[in-house]
1. What distance in nm separates the two pseudo spin-label positions at ALA359 and ASP260, each 7 Å out from Cα along the beta-carbon direction?
2. In the chain, once you exclude exposed GluC sites (Glu not before Pro) (DSSP loop, at most 16 other Cβ within 10 angstrom), what's the longest stretch remaining?
3. Counting pairs of alpha carbon atoms under 8 Å apart in space and at least six apart in sequence, what relative contact order in percent does the stretch 151-283 give?
4. May I ask you to compute the full-extension gain from ASP272 to THR131, defined as 0.36 nm times their residue separation minus their alpha-carbon distance, rounded to one decimal in nm?
5. Below 8 Å, C-alpha to C-alpha, sequence gap of six or more: please give me the relative contact order for the chain in percent.
6. Work out the charge dipole of the stretch 122-194 with +1 on the Cβ of Lys and Arg and -1 on the Cβ of Asp and Glu about the Cα centre, then indicate which of SER182, THR132, PRO160 is farthest towards its positive end.
7. What angle do you read, to the nearest 10 degrees and between 0 and 90, between the alpha-carbon axis of helix 315-324 and the longest principal axis of the chain?
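Throughout, read-outs are computed from the coordinates displayed, never taken from laboratory work. None of the values given here were measured: they were computed from a predicted structure. As a convention, Cβ positions derive from the backbone with ideal geometry for all residues, glycine included, and neighbour counts pool all protein chains shown.
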Amino acid sequence: MSRHGSAPPSGASRRLLPPGAGRIAAAILAAICVGAPALAQSPVTFAGKRVTVSIGFSPVGIGYDTYGRELAKFLPKYLPGNPAVVAENKPGAGSMTLLNTLYNAAPKDGTEISVVGRGAPMDALLTGEKTTAKFDATKFNWIGSMNNEVAGFFVRRGAPVSGLDDILAGKPIQVGSAGAGSDMQIFGTALNAVLGTKLNLVPGYPGMNEILLAMLKGEMDGVVGYSWSAARVGSADQLKSGEFRMVMQLALDKHRDLPDVPLVMDLVRGADEKALFRLIFARQAMGRPVVAPPGLDPRVVAVLRKAFDDVHADPEFIAETTKIGLEINRVGGDEVQKLVDDLFATPRAVVSRAQKILAN
């Protein structure tokens with residue numbers, strides 16, 4: 001008897017199995033064990049699928065729309081299976097609407113990726129309970145950024161300031177803004193609070209084009225947050241003539257084209273102020289971010305990131321984007337992911353101060 005009171009199988013019961021059955025069962029088990037990993041590691045393919053590159057803005061001017069459409073044009077060449085790739089504009093709340101949808105409703109198979117506003121992922125961090133974000137930015141799969149952006153503080157000829165010294169001395173200046181949540185409003189508010197500038201932020205403009213027109217008419221004296229990549233093309237004539245000039249760079253690092261224009265990070269000395277400005281201006285380091293939903297198979301994420309990188313190395317892509325004036329400075333997906341994670345790990349005291357400043 002066994003310990004549990006039952007008799008071990010008898011020799012007769014063992015002979016109930018047909019001859020060779022053990023060897024057959026072992027062979028079947030071995031085949032399953034070998035086949036299962038092979039099945040699990042089957043190559044990622046988008047064959048027969050439709051991939052959508054959603055763009056969180058309207059198709060106006062050289063900006064997110066142009067970047068997104070260029071990416072969509074070249075992606076099929078580098079995605080396994082050569083799928084159809086289409087670009088679709090899905091504007092709303094500075095691309096917050098798109099991010100909410102991507103996070104909560106998009107398929108988790110890599111067929112939905114988005115080009116979104118650089119500041120939108122940080123909205124919850126900077127606005128706290130008032131945010132409309134229904135997502136955790138750290139859980140997105142960041143595919144990369146098409147540009148490491150530098151924005152500028154531009155003033156018009158005839159403005160009531162002679163240059164940056166006047167602005168830092170607190171001389172009042174009228175500055176156009178697209179309203180709460182926009183780079184213009186956030187950057188201008190931060191400069192007033194930390195550097196003591198007296199920027200009268202005038203909201204209500206639909207976008208940058210309308211603000212630039214107001215500057216040309218003399219209605220506004222300047223704008224904070226106009227991207228250099230757009231300004232060097234869209235306002236080339238005004239920059240050449242001196243109608244517009246950049247007095248400050250708004251980013252973590254200077255642009256190679258602008259070695260003599262002061263950088264906002266160099267205008268603060270204290271560790272707390274530097275941490276605060278890093279939190280606010282770090283969005284520039286992912287100037288044109290591309291993002292996929294959370295919950296994707298890591299192999300799919302790897303394929304999307306590689307395709308993104310391959311597009312940016314494509315000679316035809318480089319030639320075409322150069323011809324139309326797009327500034328391309330690829331930032332890898334792992335770098336963007338780390339930047340987002342680091343920003344959301346900012347000390348609570350710094351985050352609270354930023355929220356209080358921007359709440360005003």
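1. Roughly 4.4 nm, to one decimal.
2. Numbers: sites that count: GLU219, GLU243.
In short, 1-218.
3. Values: 217 pairs, mean separation 42.3, N = 133.
Once normalised by length, the contact order is 32 percent.
4. 48.4 nm
5. Details: 615 pairs, mean separation 83.1, N = 360.
23 percent.
6. Selected residue: PRO160.
7. For 315-324 against the chain, the angle is about 30 degrees.
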